[in-house]
Structure formats: structure tokens, C-alpha cells
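Working notes for the structure below.
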Amino acid sequence: MSDNSASELLKRPLQYVPGVGPRRAEVLARLGLRTVSDALFFFPRDYEDAREVRSLAQLEADALQSVIGTVHEVEARASSSGRFVLGVLITDGESFLRALWFDQPYRQEMFRRGQRVLLTGRPRYKGMVWTMAHPKAHILAEDETPRMSPLPIYSLTEGIRQWELRRIIRRVVENYADRLEDVFPDDYRAQHHLMPLVEAVRTIHFPPDLAAVELARRRFVHQELCILQLALAVQRARQIEAATASALPRTAKIDARIRRLLPFPLTQAQDQAIQEITADMARTVPMNRLLQGDVGSGKTVVAVYAMLTAVAHQHQAVLMAPTEVLARQHFQTVDRLLSQSRVRRGLLVGGLPSGERKAILDRLANGELDLVVGTQAIAQESVRFHRLGLVVIDEQHKFGVRQRAALKEAGTEPHYLIMTATPIPRTIAMTLFGDLDVSVIKELPPGRKPVKTYLATPDQRSQWWEFFRRKLCEGRQGYVVVPLVEESEAAGPRSVEATYEDLQAGELREFRLAAVHGRMPTLEKEAVMGRFYRHEIDVLICTSVVEVGIDVPNATVMTIENAECFGLAQLHQLRGRVSRGESAGHCCLFTEAASQESRKRLEAFCNTTDGFELAEIDFLSRGPGEILGTRQHGLPPFRIADLIRDRQIAEEARHDAWELVKKDPGLRLAEHSRLRAMMLKRYGRTLDLGDVG
Ligand code: ADP
Ligand code: MG
């Protein structure tokens with residue numbers, strides 16, 4: 001069979017597979033199954049392991065099990081409603097089980113007293129005896145010991161039952177699996193002990209045992225992660241090849257000039273990060289670097305250093321923040337640092353009068369502005385630059401590789417620096433951010449005091465609020481963080497609205513409170529945060545929206561309600577909000593969690609200030625989560641890989657894929673053509689690999 005007709009065959013609509021037809025095809029389409037190939041790669045979500053043959057004494061109600069026994073009695077009768085009922089009583093010498101079949105008179109022929117049979121089904125204990133309705137039955141030879149294979153369990157939709165889907169998929173696998181051609185070259189597969197594709201497809205649907213499932217699964221996980229890494233590596237290779245960025249090296253003179261502007265000496269960790277960043281910027285390959293550092297570790301000044309380096313080379317630099325309030329704050333910081341300098345700077349945010357806005361856009365386009373600070377909306381608008389050299393993205397929650405495209409200039413590409421306080425677990429960094437280089441700031445500026453964190457019991461509430469009020473009376477500000485915007489049920493977690501009302505009428509009645517949450521219109525949200533920043537408000541009652549987007553050194557106390565509803569990394573981000581100033585912050589967690597595990601997590605949180613450690617605990621117990629999942633990264637979701645379970649495979653796949661691209665940067669060798677096709681199919685659009693072909 002030639003390549004072409006094999007792939008045609010796999011594209012055949014399921015409708016034409018015997019036993020499907022147009023009506024079933026519609027149901028299958030709802031599961032995303034349209035073609036033969038869709039069905040081949042529609043992996044079971046689980047298996048029913050019926051291999052274990054149980055004695056009757058060990059049976060468990062309703063679970064799928066197998067039993068072996070001798071037929072003791074075969075009895076056919078009519079039910080009260082006139083249906084044909086066949087009852088077959090079997091015994092294992094100790095107890096009895098009755099198998100029942102309705103409306104299947106032909107079965108009567110199958111059984112004879114004294115025969116050995118194997119029955120597989122879901123037993124019920126009824127009227128002092130186990131019964132199994134419609135079990136699968138096999139007549140066994142005298143000395144036969146049966147081997148039962150696990151049964152696949154597929155995700156279903158209305159209109160199709162498990163056994164029906166199983167039968168369709170079995171038919172597809174039997175008829176078409178051997179037409180599949182492996183994406184991996186033979187030697188690659190052999191080297192990594194990966195199961196051949198055809199065998200893996202057969203095994204994952206209809207495995208002889210669960211150990212075989214693991215081997216087949218490993219192959220597909222490796223493939224999925226490998227294809228992603230190939231896409232990232234090829235994209236990177238293209239950037240390196242194209243080398244379209246301007247080289248913006250730092251020189252001793254530039255370094256001295258920038259340091260003169262800074263009000264404090266840099267920490268060693270900041271210096272190290274700057275060293276890595278400027279080394280990247282000195283190359284004509286666009287920088288693609290992620291700067292990670294806890295809240296308060298001093299990332300801003302590192303960004304400013306990088307921007308001034310670009311400006312020193314007569315290039316423009318842009319700093320993008322997630323909210324308008326933060327953009328304004330960053331602008332103030334930059335403006336203050338540059339008060340003695342001739343660097344021309346501007347602020348570009350949504351709320352500007354249109355004349356002012358137009359003036360800034362014009363000056364950016366004709367090169368009269370060196371440095372601009374704004375919200376991330378800049379990337380979405382058609383802002384024209386004269387000579388853009390560096391883009392810094394701060395506190396990014398969506399680390400999309402795709403946002404980049406909007407700022408791409410014809411001919412040259414800027415360098416990219418992405419900053420985040422979200423600690424990224426190793427596996428995620430490697431897998432989803434495999435194309436980014438990473439710098440880490442692990443040290444806080446001198447004199448910074450870690451936030452004191454408490455896990456309080458309900459009877460300590462009034463004591464905590466007393467402390468909270470005292471801080472407010474000293475002129476400090478605070479946050480009260482709750483998980484929900486609105487109450488969903490009376491006993492559920494706290495909401496912003498209810499908490500606001502309670503506190504305004506109770507514990508915090510003498511103070512100025514305001515509520516802020518993600519469902520408010522952006523402008524309104526920004527306005528509230530602005531008032532908090534100017535200390536027109538004492539306490540913000542909020543959801544986790546304040547995780548990023550606000551930076552108020554005067555805020556030193558935080559209450560977190562229903563702490564069990566938040567991830568540890570998120571809690572860490574939240575408490576970072578009260579670690580901005582000179583004096584120590586205080587953060588108190590309340591929890592309704594009854595579970596031991598939940599309390600343990602929160603206790604670990606109180607005892608650790610290392611964001612990476614917390615992110616790792618979080619990741620292992622809860623998965624990548626919303627912030628770091630594939631969706632937020634702008635990538636299609638994984639079909640089979642599970643980054644927690646498959647950490648090891650992720651590492652292997654990454655290593656192998658990057659090695660492969662090192663040898664064959666465009667995947668142009670014939671033996672890699674299928675890998676390339678698959679990579680383009682899956683990631684071509686997302687990662688803009690369109691013209692690799
Ligand atoms: P983040 O990493 O959270 O963005 P910032 O850049 O906002 O942190 O820095 C937090 C605070 O620490 C700011 O007030 C900043 O001026 C101060 N800071 C940063 N670096 C140093 C340093 N090397 N020495 C003293 N203070 C510093
Ligand atoms: Mg910051």
C-alpha cells in the first residue's frame with residue numbers, strides 16, 4: 001500500500017465502517033470521532049480488569065469480576081410478565097451463584113449439568129444468593145485455566161453504550177491498525193524501547209494485560225511530548241537561523257551609566273540575571289528568556305537595566321504590565337530612576353485622553369520615544385515602533401508564545417524578556433516552556449523581612465481582627481481575600497459580597513472598605529485599585545485578582561478566608577502582596593477544611609517561604625493548574641500525557657527531541673518526514689511554523 005492510499009484509508013469517514021452507519025456516525029462525531037484515524041487514536045480512559053478470577057466467597061457487589069464454577073442446575077421458565085428466563089446455577093463447591101438471561105432461549109442449549117464455566121459480569125447479592133445478569137459465559141475444558149484480558153473503558157456520550165463503542169473500535173482496530181505507519185524512525189524507536197505504532201494501537205485498546213497497557217501508553221506519551229518538543233526546538237532553530245534581532249551588547253560604559261542611576265547596589269542574584277540577559281541581547285538571535293523571582297525579589301530594576309541597554313544602542317524598549325495600575329506604578333518607578341537622564345519615556349494605558357494617546361503613538365512610530373510602559377493591550381493594538389529592540393512582559397499569567405507575533409516588526413525581531421513571580425515547577429518549565437531560557441532570582445534585597453504566616457483556628461478570629469485593626473490604626477492597609485465572587489450556597493466558601501457586608505457592619509466598621517473581583521469591568525476594577533494605591537481605601541475585599549496587578553508597600557496585613565480553596569503557589573503570590581515594604585507583613589489563613597491532608601498542606605505553607613518548593617508540592621498534588629496548564633500557554637491540550645505521572649518521560653522526550661533537531665534543524669531528512677508532518681499538523685498554526693515545510 002502506498003503512502004497516499006494508506007493515509008486516504010485512515011481518513012475514511014466512520015460512517016462507512018461496517019456496523020456504524022449514518023445515525024451512529026452522528027453520535028460518534030459528538031465524541032470527536034469522525035474518521036478511522038480518530039477512532040484508532042481514541043484512547044480508553046480506563047480499563048476494567050476482569051482477569052482476576054474470584055472465588056464466590058470473595059465477590060464484591062457491582063464490580064466487574066470473573067468466577068469459575070460447575071453447572072449445578074439449568075432452569076428455563078417464564079417470568080410473571082411472560083418473558084423467557086434462563087437461570088444457570090453454578091457452584092465452586094462452597095457457594096452458589098445464579099446467572100440469569102432474559103429473552104435468549106438459544107442459550108439454553110449451551111449449558112449442561114457438570115460443565116465447567118467461566119462467567120464475567122457484575123454480581124448482586126439477592127435473596128441469599130449471588131446473581132449475575134447477562135454475564136459473559138465461556139465453557140471451559142476440564143484443565144483449562146482462562147486468561148482474561150482487561151476491557152477498555154471509553155468516554156461516552158448520549159446515544160451510545162460502552163459495549164457498542166467497544167465493538168466499533170475493535171472493528172476499526174482489526175481492519176485498519178496495520179495500515180498505520182510509524183512516525184518514529186526504526187533506530188530511534190529501538191534506541192528508546194518504544195513499542196511499534198501498530199502494536200501500540202492494538203495494545204492500548206485491547207491489551208493482554210495491564211502491564212502491556214503501560215508499555216503502549218509510554219510510547220504514546222513519549223510521542224506526544226516529543227512532537228511538542230520538536231515543535232519548540234524547530235521554532236528555536238529557525239530563530240537562530242534567521243538571526244533577525246539587533247545585537248545590543250552591554251559595554252563597560254553602558255554599565256557604568258546605568259548603575260549611576262540606581263539608588264541601591266544590585267544584589268548578586270540580580271547581577272547574575274543581568275549577566276545572562278545581556279549576554280542574550282548581545283546576539284542577533286532574539287532573546288527568549290523567562291525571569292523568575294519571588295514577589296519583591298527586585299525584577300523591575302533588572303528589566304529597567306535591560307531596557308536602558310537597548311536604549312543605549314538607539315533602540316526602543318517596551319515594558320508591559322498586566323493591569324493599568326501596575327503600568328502606572330512601573331512608569332513612576334522608571335520615571336524616578338530616569339529623572340537625571342535624557343531617556344525619552346512615555347506611558348501608554350487605556351485611560352489616556354485621545355490627544356495624549358495619539359501623541360505617544362506618533363512619537364513611538366517616528367522614534368521620538370525611547371522607552372514606553374503600558375498594559376499588555378499594547379500587544380493587541382497596532383502600535384508601530386520605529387526601532388523596537390526589547391520587549392519586557394511583567395507578571396505574565398498567559399505565557400503565550402503567540403502574543404509575540406503581534407509585536408513582530410518587519411525584518412527585525414525584538415528581544416523578549418518575560419518576568420514572573422509564579423514559581424514554575426521543573427517539569428512544566430521543561431515541557432511547556434521548553435523554548436525559553438530561564439533566569440532565577442533566589443535572593444531578596446537586603447533587609448527584607450519574610451511575611452509572617454499563621455494558620456488560625458476559628459476561635460482566634462476576634463484576636464486576629466483586633467491585630468488587623470491595630471495595623472490599620474497605625475496607618476497601614478490590608479487585604480481580605482476570599483475564594484468566590486458570589487455565595488453559591490449558604491454553607492459554601494466565602495464570597496466577596498457577603499464578606500464585604502459582614503466586615504463593613506462588624507469587625508472593620510470604622511474603616512474604608514472596597515470590593516474588587518475579576519467579574520467587575522476592567523475600568524471599574526482599575527479605579528478601585530487606584531484608590532487603594534492612593535490610600536483612599538484602607539482594606540480591599542477581593543478574590544485572587546490581586547495576586548498580580550497591585551503593588552502597595554503600605555499594605556502589610558492580609559486575611560485569607562477558605563484558604564483550602566487556593567493552590568499553595570497562589571497563596572504564596574497572594575501573601576507576596578504584603579511583603580512589599582520595609583516592615584514585616586502578616587498573613588493569616590482561615591480554613592474550613594476538615595481533611596487532614598488539606599491542613600497539612602496549609603501548615604507546610606506557613607513553614608516555607610520558598611515559592612519553588614511550594615509550587616512543586618502543589619504540582620505534585622494538584623497538577624499544573626490553570627495558570628500553568630497547556631491552555632494558558634496557548635497550546636492544544638495533551639491527549640494522553642500527564643505531566644505529573646509522566647515526569648520521567650517528559651525529560652527523556654525533551655532531551656531526545658532537541659538532540660534530533662540539533663542534527664536535523666528543519667526535520668528535512670526523509671526518515672523524519674512523518675515526525676515533521678505530525679508536528680506541523682499539531683503545532684504548525686499555534687507556533688507559527690507554517691513555512692517550515
Ligand atoms: P518584584 O520582583 O516583585 O517585581 P520589585 O522590582 O518591585 O520586585 O522590587 C521590590 C522592591 O525592592 C522595590 O521597592 C525595589 O525598589 C526594591 N529593590 C529592588 N532591588 C533592590 C536592591 N538590590 N536593594 C534594595 N532594594 C531593592
Ligand atoms: Mg514586579
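The values are calculated or read from the model by the stated rules, or taken from the named source; none is laboratory data. Every value quoted in this text rests on a predicted model; they were computed, and no experiment measured them. When we count neighbours, we look across all protein chains shown, and the Cβ atoms used for this are built from the backbone with ideal geometry, even at glycine. Ligands, DNA and RNA are stripped out before the accessible areas are found, and what is left, the full protein with its side chains, is counted by its heavy atoms. Shrake-Rupley method; radii C 1.70, N 1.55, O 1.52, S 1.80 Å.
Take the conditions modelled with pLDDT under 95, among the polar types (S, T, N, Q) and touching a helix residue (DSSP H, G or I) at 6+ places or on another chain (Cβ under 8 Å) and apply them to Q239. Does it pass? Criteria not met by Q239. Restricting to the stretch 233-263, give me the number of residues that are open to solvent by 40 Å² or more (accessible area, probe 1.4 Å) and more than 30 Å from L675 (Cβ to Cβ). Residues meeting the conditions: 12. On the basis of being at pLDDT 95 or above, near ligand 1 (Cβ under 9 Å from one of its atoms) and either open to solvent by 20 Å² or more (accessible area, probe 1.4 Å) or touching an Asp or Glu at 6+ places or on another chain (Cβ under 6 Å) (or both), does L266 make the cut? Spelling it out, L266 is indeed at pLDDT 95 or above, near ligand 1 (Cβ under 9 Å from one of its atoms) and either open to solvent by 20 Å² or more (accessible area, probe 1.4 Å) or touching an Asp or Glu at 6+ places or on another chain (Cβ under 6 Å) (or both). Residues that are farther than 20 Å from H72 by Cβ and either outside any loop (DSSP other than H, G, I, E, B) or among the acidic types (D, E) (or both) within the stretch 128-164 comprise D143, L151, P152, I153, E158, Q162, W163, E164, listed in sequence order. Mind checking whether some residue in the stretch 149-159 is open to solvent by 40 Å² or more (accessible area, probe 1.4 Å) and among the aromatic types (F, W, Y)? No, because not a single residue in the stretch 149-159 is open to solvent by 40 Å² or more (accessible area, probe 1.4 Å) and among the aromatic types (F, W, Y). Screening H205 with (1) over 14 Å from F42 (Cα atoms); (2) open to solvent by less than 70 Å² (accessible area, probe 1.4 Å); (3) touching a strand residue (DSSP E or B) at 6+ places or on another chain (Cβ under 7 Å) gives one miss only, at (1). Among the residues of the stretch 437-459, those identified as open to solvent by less than 70 Å² (accessible area, probe 1.4 Å), assigned to a strand (DSSP E or B) and either more than 27 Å from D280 (Cβ to Cβ) or at pLDDT 95 or above (or both) are T453, L455, A456. Within the stretch 76-123, the set of residues being over 52 Å from the mean Cα position of the chain (by Cα) and acidic (D, E) comprises E94, E109. Taken residue by residue, the stretch 557-572 has no member that is within 16 Å of ligand 1 (Cβ to nearest atom), surrounded by 24 or more Cβ atoms within 10 Å (Cβ to Cβ), over 21 Å from S621 (Cα atoms) and small (G, A, S). Number of residues in the stretch 246-288 that are touching a residue at least 60 places away in the same chain (Cβ under 8 Å) and in contact with a Phe, Trp or Tyr (Cβ under 7 Å, 6 or more places away or on another chain): the value is 3. All of A310, A317, A327 fail the test of being closer than 26 Å to R577 by Cβ and buried (at least 23 other Cβ atoms within 10 Å of the Cβ), apart from A327. For the residues L230, L290, the requirement of being closer than 30 Å to V311 by Cα and open to solvent by less than 10 Å² (accessible area, probe 1.4 Å) singles out L290. Residues in the stretch 238-263 that are away from ligand 1 (no atom under 13 Å from the Cβ) and of a type in the set (K, R): R238, R250, K253, R257, R260. On the basis of being farther than 18 Å from A563 by Cα, open to solvent by less than 20 Å² (accessible area, probe 1.4 Å), part of a loop (DSSP other than H, G, I, E, B) and outside the structural domain of T323 (by TED's automatic domain parsing), does L508 make the cut? Answer is yes for this residue. Considering the stretch 160-190, and only residues there that are open to solvent by 40 Å² or more (accessible area, probe 1.4 Å) and of a type in the set (D, E), the residue that is nearest to L14 (Cα to Cα) turns out to be E174. The numbered conditions (1) crowded, with 19+ Cβ neighbours inside 10 Å; (2) under 23 Å from G298 (Cα atoms); (3) at pLDDT 60 or above; (4) away from ligand 1 (no atom under 16 Å from the Cβ) are all true for R426 except (1). When the residues of the stretch 470-489 are filtered to those that are under 30 Å from R519 (Cα atoms) and of a type in the set (A, V, I, L, M, F, W, C), the one that is most open to solvent (accessible area, probe 1.4 Å) is L484. Would you say A312 is over 30 Å from M195 (Cβ atoms) and away from ligand 1 (no atom under 16 Å from the Cβ)? So A312 fits the description; yes.
Take the conditions (1) farther than 30 Å from I640 by Cβ; (2) open to solvent by 20 Å² or more (accessible area, probe 1.4 Å); (3) touching a residue at least 60 places away in the same chain (Cβ under 8 Å); (4) not basic (K, R); P123 misses just one of them, which is (2). Scanning the stretch 330-345 turns up at least one residue that is in the same structural domain as L262 (by TED's automatic domain parsing), within 14 Å of ligand 2 (Cβ to nearest atom) and surrounded by fewer than 18 Cβ atoms within 10 Å (Cβ to Cβ).
Does the stretch 460-469 contain any residue that is surrounded by 15 or more Cβ atoms within 10 Å (Cβ to Cβ), at pLDDT below 90, more than 30 Å from R250 (Cβ to Cβ) and assigned by TED's automatic domain parsing to the domain that holds T522? Looking for residues that are surrounded by 15 or more Cβ atoms within 10 Å (Cβ to Cβ), at pLDDT below 90, more than 30 Å from R250 (Cβ to Cβ) and assigned by TED's automatic domain parsing to the domain that holds T522, one finds none in the stretch 460-469, hence no.
Looking at P446, P450, P423, which one is under 30 Å from I277 (Cβ atoms), within 16 Å of ligand 2 (Cβ to nearest atom) and not basic (K, R)? Matching residue, one of P446, P450, P423: P423. Taking residues in the stretch 634-659 that are without any contact (Cβ under 8 Å) to a residue 12 or more places away in the chain, and partners anywhere that are outside any helix (DSSP H, G or I), the pairs with Cβ atoms closer than 7 Å and at least 6 places apart or on different chains are P637/T630; P637/R631.
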